[in-house]
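Encoded as structure tokens, the structure appears first; notes follow it.
The values are calculated or read from the model by the stated rules, or taken from the named source; none is laboratory data. Owing to the predicted nature of the structure, the values given are computational and were not obtained by experimental measurement. Ideal geometry is used to build each Cβ from the backbone, glycine not excepted, and the neighbour counts take in all protein chains shown. The area values use the complete protein model at the heavy-atom level, side chains included, leaving out ligands, DNA and RNA. Shrake-Rupley method; radii C 1.70, N 1.55, O 1.52, S 1.80 Å.
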Amino acid sequence: MQKSFCSLLKKDLQMMISGKFFLLALGSLILYTLFINLGYVNFMKAPGYGVYMYVPQGVSYPEVFSDKIEVVQSEQELYDCLSEDTNGIGIMYKGKEPEFVLYYGSNTIDNHRIAYAQSLLKEKEFEDPIVVGKNTTEEKQRKEMSCELLFIEIIAVGFLGIASILFKEKQMGVMRVYGITPAPKAFFILSKLLVFLISDLIFAALLTIFNVRSSEAFHILPRVLLQTGILSLIMALIGMCCSLLLKDFKQFSLAYLVVALFISAPVFLSANTSAQNSWIKWHPFYHLYMGMKNAFFDFQSEGIVYFLLCLCSIFLLFWFVKMAFMRELSKEG
Amino acid sequence: MGGIFYQLKAVRKDKMCIMSFFLPVVLAILLTAIGGVDLSSLEEVNFAVCKQDFTPEDIEWLKTYGIVHIYETEDDVIAKINDPATNILGVQKTGNSIKVLVSGDELELFKEIASSLPAIYDQRGDTNDIEVEVLPQPNFIANYKYVFIAVILIIAMFMGCVFNAMNMVSEKEEGVVFINEILPMTKKQYMLQKIFIGFIFGCLSSILTVCFSLRLALKYIPVMLLLIVLSAFISALVGMLIGKLADGILIGITYVKISMIIFIAVPLISYLLHLGETTVGKLCYLIPSTATFEGIMGMVNGNTTEVEKSIVIMTLHSILWFVLFLTIERKKENS
């Protein structure tokens, strides 16, 4: 029994190597690491508001003001500065009182920008806010992007990988051969799950270590690996399900498009912005994504109900895949 | 001609192929439909306060600067501040002044807002009669929308690449490539048929996407068509190259994935970071989609010089890619 499982495992591993699955994973890992280290961390910046002031000659104005205010030489220059920095605020002294000029953002943001410029004009002292979190801006960006890319990699590429292998096996007639071997049928599914699980876990560990890059990487790793394991098993089972039920790889690509675009897009939008849709709570992938994100940020744990539900869905999917597999075997004769 | 007819017949039976060509069109329709949705709440600042700390007047004051979320306990407030999904700022009241709590991982802008808030609270009585000139701005979402449309158009134009690559790889996997060898058809005819299919469908998909998503000035319509034709031609060639290089469906997907990421990311980063005139910005034009992207944005903003520049660059690219393709073909034939 153990021997047949090992040989199945070996066969699946060889299929993955010949299908260049590991090359694809390595390529993705390099691409993502380069993107995070050279691109995302350097480009995602939002500086504070620029404040520009113009005082015509002969007009009296407060001599003392914050050095954050940039004095410009003409009215035109002030408008030019604002058109380049549309978040900025212009202060113009036409009479005794200053006039504030700004591009419309939103009512509340505009109120704040005006009050901000006023406080700079009065040289009010700003006090540093109290920090209650433990991440710096860069750490947050690294964790956020690593989490998103890991999620995409597992739901998109892992899903695709298992399908390409199953379709190849279907084509090669491996299913038919398997139907007459004495090994338990569940082994066929289990060996594939195990190979994909291990490769996803290695991918997750490397992505985390290369990109989170602080001493915290090893601290968060167990939770990240747990979430990766859950997601990997679910996606591999869904991938197997689709590829057993669908006729060929092209039909499968349709299902893949739906997963990659229409399932993951609302999850990312809801999880990363304050635009909350009430229905998103019913989206199972939202919870899986949040589980992953909370693991990366070492944020509140998910609780026993979440893990029980994951376990139940894995068993349910496994049972479903087994049924589909038996159907396929009987079809193959 | 008969060959092209058979290629078209194969496309008709291929749902995946039809879907991939229609995908950008569907995205363009969706984007036009959600264009009316107000996403301005994304630009707002969010504050978290503890219920017993603040009087209703203070909360009203805070509401003039952002959205206020009220929580029962201090722990809830801190949990919300640390929530990685949001940039929420916590506000505490101590005596007659306020203190702001941040998680420390916010972008510079939010840190600046947080540090300015106590000073603004101190001066809350003085903001009565101030003169403000608010300049109208094409709203942020409208600008984003055009960037999205340009990206979707690039996807549409370069769909021919995906189609040609996947089509050739699956022909290799299914053994059709061996049947092609014994058919009375020259290599040149076969290549022309393949380029033609990817090219025509890339063009059609882009034209439909433009119809659904852009309202262009009349003078730009022929230029847009030219840009579409050039981009679709290059993408069909790139697709053929990928199809030739890849020997399995997975490796084909990897190549397509990498080229799509490069085609989308390079022009987007160059545009968003205003790299245009710098050396890096000029180097970005080595990727054909940068010229397409800048051309589309030029048309949207009425910048004719930019449009002319992108057409010239795309023509050069078309010649270069065609020469590259022919050289690789000849080398393969010789070997």
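Taken over region A:109-124, the criterion of being within 7 Å of chain B (Cβ to nearest Cβ) and either open to solvent by 20 Å² or more (accessible area, probe 1.4 Å) or of a type in the set (A, V, I, L, M) (or both) is satisfied by A:109, A:111, A:114, A:115, A:122, A:124.
Restricting attention to region A:82-107 and to residues that are surrounded by fewer than 19 Cβ atoms within 10 Å (Cβ to Cβ) and not in a loop (DSSP other than H, G, I, E, B), the residue that is nearest to the other protein chains (Cβ to nearest Cβ) turns out to be A:99. Quick one: which of A:60, A:18 is assigned by TED's automatic domain parsing to the domain that holds residue A:151, surrounded by fewer than 19 Cβ atoms within 10 Å (Cβ to Cβ) and modelled with pLDDT under 80? The unique qualifying residue is A:18.
Against the conditions (1) assigned to a helix (DSSP H, G or I); (2) surrounded by fewer than 21 Cβ atoms within 10 Å (Cβ to Cβ), residue B:242 satisfies every one except (2). On the stretch given as region A:297-318, residues that are among the aromatic types (Phe, Trp, Tyr) and surrounded by fewer than 12 Cβ atoms within 10 Å (Cβ to Cβ) total 1.
The set of residues in region B:311-335 that are among the polar types (S, T, N, Q) and modelled with pLDDT of 90 or more comprises B:315, B:318.
Yes or no: residue A:130 surrounded by 20 or more Cβ atoms within 10 Å (Cβ to Cβ) and either on the phi < 0 side of the Ramachandran plot or in contact (Cβ under 8 Å) with a residue 12 or more places away in the chain (or both)?
On the way: surrounded by 20 or more Cβ atoms within 10 Å (Cβ to Cβ): no; either on the phi < 0 side of the Ramachandran plot or in contact (Cβ under 8 Å) with a residue 12 or more places away in the chain (or both): yes.
No; evaluated as a whole, the condition is false for this residue.
For region A:133-172, the set of residues classified as open to solvent by less than 20 Å² (accessible area, probe 1.4 Å) and in a loop (DSSP other than H, G, I, E, B) consists of A:135 only. Might you check whether a residue that is surrounded by 14 or more Cβ atoms within 10 Å (Cβ to Cβ), part of a helix (DSSP H, G or I) and of a type in the set (S, T, N, Q) occurs anywhere in region B:271-288? The answer is no; no qualifying residue exists. Annotation: residue B:303 fulfils all but one of (1) open to solvent by 50 Å² or more (accessible area, probe 1.4 Å); (2) closer than 22 Å to residue B:260 by Cα; the unmet one is (2). When restricted to residues that are aliphatic (A, V, I, L, M), more than 14 Å from chain A (Cβ to nearest Cβ) and either under 17 Å from residue B:236 (Cβ atoms) or in contact with a Leu (Cβ under 7 Å, 6 or more places away or on another chain) (or both), region B:148-167 contains 5.
Testing residue B:109 on (1) in contact with a Phe, Trp or Tyr (Cβ under 8 Å, 6 or more places away or on another chain); (2) closer than 24 Å to residue A:139 by Cα; (3) more than 7 Å from every other protein chain (Cβ to nearest Cβ), one condition comes back false. Which one is that? (3) is the only condition that residue B:109 fails.
Every condition in (1) at pLDDT below 85; (2) open to solvent by 20 Å² or more (accessible area, probe 1.4 Å) holds for residue B:294 except the one numbered (1).
Only one of the numbered conditions (1) modelled with pLDDT of 85 or more; (2) in contact with a Pro (Cβ under 9 Å, 6 or more places away or on another chain); (3) open to solvent by 50 Å² or more (accessible area, probe 1.4 Å) is violated by residue A:294, and that is (3). How about region B:172-199: which of its residues are free of Cβ contacts under 8 Å to residues at least 40 places away in the same chain and under 27 Å from the mean Cα position of the chain (by Cα)? Listed by number, the list holds a single entry, B:199.
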